[in-house]
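Working notes, structure below.
The values are calculated or read from the model by the stated rules, or taken from the named source; none is laboratory data. Given the structure is predicted, the values throughout are model-derived calculations rather than measurements. Cβ placement follows ideal geometry from the backbone for every residue including glycine, while neighbour counts extend to all protein chains displayed.
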Amino acid sequence: MLVLGLTGNIGCGKSTASSRLKELGINVIDADLLTRELYKHFDVIEELRRAFPDAIRIVGNQTIVDRKSLGNLVFNDSRKLKQLNLITHKKINELIDNRIKTSCSDIVVVDAALLFESGMQDKFDKVITVYCDERIQLERVMQRDNLSYEDAKKRIDSQLPQDVKVSKSDFSINNSGKIEVLNKSIEKLMEQIKIWKLEIGGNWFEEKEG
């Protein structure tokens, strides 16, 4: 089994790339969906209750995490964000590992926005980063989320810079153009990966996709 990591910052098209991979029949594990799942785990809820009591709600006989309140608490506080990440990243890694182990696919792609931030890059054979022109990224975030320039810039700046992620990756895909161009880039990359996978002793992974 070949395990690939897919990442990219807000507004760069990672989710669009992930959707195309699914259309191509690739088994994609969505870390964002697993993040929502982890808030149902008792051990995580208990840790969050102690660290962020204002983000916990009691509904009937259920204890739930108010993700919007939690986001507001950590968004402008790096210390609280680090505390949240310490709680969640360990569990997310555990859930991803379980999904990988139970997969019967030859190629598995893990779609994770915080791939590098959570330190999970070592679990992948290779990592792919989707990036785009910073001006285009800003316009996309403003339009998609109906944000002001200042708010969109703040969200972008809260993430690890694109150039850092690209430098840490084995392959990178430029998504500054139309979706058709992105789709073709993904298809080409996956074709090359499948060909390499069939070769014994191939050294294709020595080169990065531009």
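Here are the numbers for this structure:
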{"quantity": "Which numbered condition D32 misses (of (1) over 24 Å from G119 (Cα atoms); (2) touching a residue at least 40 places away in the same chain (Cβ under 8 Å))", "calculated": "(1)"}
{"quantity": "The listed residue being farther than 22 Å from C12 by Cβ, outside the structural domain of E187 (by TED's automatic domain parsing) and surrounded by 13 or more Cβ atoms within 10 Å (Cβ to Cβ), out of L73, L86, L81", "calculated": "L73"}
{"quantity": "Complete set of residues in segment 1-40 that are under 19 Å from V65 (Cβ atoms) and not in a helix (DSSP H, G or I)", "calculated": "D30, Y39, K40"}
{"quantity": "Given (1) in contact with a Ser or Thr (Cβ under 8 Å, 6 or more places away or on another chain); (2) within 25 Å of S169 (Cβ to Cβ); (3) modelled with pLDDT of 90 or more, index of the condition N85 fails", "calculated": "(3)"}
{"quantity": "Positions within segment 81-105 being hydroxyl-bearing (S, T, Y) and either out of contact with any strand residue (DSSP E or B) (no Cβ under 6 Å at 6 or more places or on another chain) or under 14 Å from G119 (Cβ atoms) (or both), in sequence order", "calculated": "T88, T102"}
{"quantity": "Inter-residue pairs, beta-carbon under 6 Å, first assigned by TED's automatic domain parsing to the domain that holds F124 and at pLDDT 95 or above and in segment 159-186, second part of a helix (DSSP H, G or I) and surrounded by fewer than 16 Cβ atoms within 10 Å (Cβ to Cβ), 6+ apart", "calculated": "S176/I136"}
{"quantity": "Residues of segment 26-43 classified as in contact with a strand residue (DSSP E or B) (Cβ under 8 Å, 6 or more places away or on another chain) and within 13 Å of T88 (Cα to Cα), total", "calculated": "3"}
{"quantity": "Single residue of R20, R67 found to be within 20 Å of the chain's Cα centre (by Cα), in the same structural domain as E191 (by TED's automatic domain parsing) and not hydrophobic (A, V, I, L, M, F, W, C)", "calculated": "R20"}
